[in-house]
Amino acid sequence: MTHGHAHGVGTTDPVIVLNGVHVALSDARISVLDRGFLFGDAVFEVLRVYGRAPFALDEHLARLGRSLEGFRIEPSFPMAELRREVHEAIQLLAHDDAYVRVMVSRGEGALHLDPRRARGPTTRVVIAAPLLALPADLYDGVSIATVRAERSTDHTRAAGAKTAAYVANLLALQVAQERGAYEAAFTASDGSISEGHSSNLFVVRGGEVLTPPLSSGILGGITRALVIEAARDEGVTLRERLLFVSDFERADEAFLTSSLREVVPITAIDGVRIGDGQPGPVTRRLHARYAQRVRAR
Ligand SMILES: Cc1ncc(COP(=O)(O)O)c(C=O)c1O
């Protein structure tokens, strides 16, 4: 058991379930011929654990299934098995608030891009780790920077899949950080802003909430979908349409969503203050509704 194997105050090794087997971190190894390593030929999910319960596990596994389909990766295990492994990893970690990452690659193959040369079986890894502390001032508001970038699956049949090939996202984050921002906002050639490097984006103007449509190639965030439901519960009008920098600059409020961070106020874009530069009331209401849904499950 890896649990309790502390390297320092407050640190715990992650729990690893590799192809169905619980292994110590130091024994968790995959082949250098794994296509996830060689080509990013893999998909993944990240979800949050509250009080030892995985939140929205059904939605995450359903999205993983769609990502696998987009890549035409045929999993060599039943999804029910993966679900069991997620629960096992969480129980073994024994931390109330945790993070779970599920990765599935096409598996090993010849040293060749041709997907038909994959020998299978698929490689699957479930990692459960204590949730890293979020920045203490996160909910006071963050800044975003627009970065002209395209995701590796844009305009492909796997558009919107949660691919492990996150290189465009990490390069965008690096540029945003160099500009002193917290999150990168992917900007297309038409100037529309689709999503954060690891979040979905929303603006609020005149009491109305706006967010880019799924057809813009964004990841269909699980948190995004739940916030859209929260808006309905709150009687707040929500519309899906393309957003531009000017929409953020003129907005009363803006926020981002992700499974680990929930709903985070955005108070500046490219150094320009949004609204009064403080987290807004609609953002707070939607976050509170979201938190209610978390407790209700
Ligand atoms: C590119 C991108 N968009 C959106 C999200 C938010 O998705 P979810 O709410 O399902 O965590 C993520 C999450 O990591 C992401 O990486």
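Among the conditions (1) in contact (Cβ under 8 Å) with a residue 60 or more places away in the chain; (2) of a type outside the set (A, V, I, L, M); (3) under 26 Å from residue 149 (Cα atoms), residue 279 misses just one, which is (3).
Condition check ((1) within 16 Å of the ligand (Cβ to nearest atom); (2) assigned to a strand (DSSP E or B)) across all residues:
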site: 100; (1), (2): yes, yes
site: 112; (1), (2): no, no
site: 116; (1), (2): no, no
site: 124; (1), (2): no, yes
site: 134; (1), (2): yes, no
site: 143; (1), (2): no, yes
site: 146; (1), (2): yes, yes
site: 152; (1), (2): yes, no
site: 156; (1), (2): yes, no
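When residues in the range 203-250 are screened for being of a type in the set (S, T, N, Q) and either away from the ligand (no atom under 14 Å from the Cβ) or in a loop (DSSP other than H, G, I, E, B) (or both), 3 of them pass.
Checking each residue in the range 191-202 for being within 6 Å of the ligand (Cβ to nearest atom) and within 16 Å of residue 226 (Cα to Cα) picks out 199, 200.
For (1) under 21 Å from the mean Cα position of the chain (by Cα); (2) modelled with pLDDT of 95 or more; (3) of a type in the set (Phe, Trp, Tyr); (4) more than 16 Å from the ligand (Cβ to nearest atom), each residue gets a yes or a no:
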{"residue": "29", "(1), (2), (3), (4)": "no, yes, no, yes"}
{"residue": "47", "(1), (2), (3), (4)": "yes, yes, no, no"}
{"residue": "56", "(1), (2), (3), (4)": "yes, yes, no, no"}
{"residue": "59", "(1), (2), (3), (4)": "yes, yes, no, no"}
{"residue": "78", "(1), (2), (3), (4)": "no, yes, no, yes"}
{"residue": "83", "(1), (2), (3), (4)": "yes, yes, no, yes"}
{"residue": "92", "(1), (2), (3), (4)": "no, yes, no, yes"}
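Scanning the range 177-192 turns up no residue that is closer than 24 Å to residue 104 by Cβ and out of contact with any Asp or Glu (no Cβ under 7 Å at 6 or more places or on another chain). For the range 262-273, does any single residue satisfy the condition of being small (Gly, Ala, Ser), within 16 Å of the ligand (Cβ to nearest atom) and not in a helix (DSSP H, G or I)? Scanning the range 262-273 turns up no residue that is small (Gly, Ala, Ser), within 16 Å of the ligand (Cβ to nearest atom) and not in a helix (DSSP H, G or I).
Go through the range 38-64 and report how many residues are part of a helix (DSSP H, G or I) and charged (D, E, K, R).
Initially, the range 38-64 is screened for residues part of a helix (DSSP H, G or I), giving 38-39, 57-64.
Subset that is charged (D, E, K, R): 58-59, 63.
Qualifying residue count, the range 38-64: 3.
The values are calculated or read from the model by the stated rules, or taken from the named source; none is laboratory data. In this text, all values refer to a predicted model and were calculated from it rather than measured experimentally. Every residue, glycine as well, gets a Cβ built from its backbone with ideal geometry; the counts of neighbours run over all protein chains shown.
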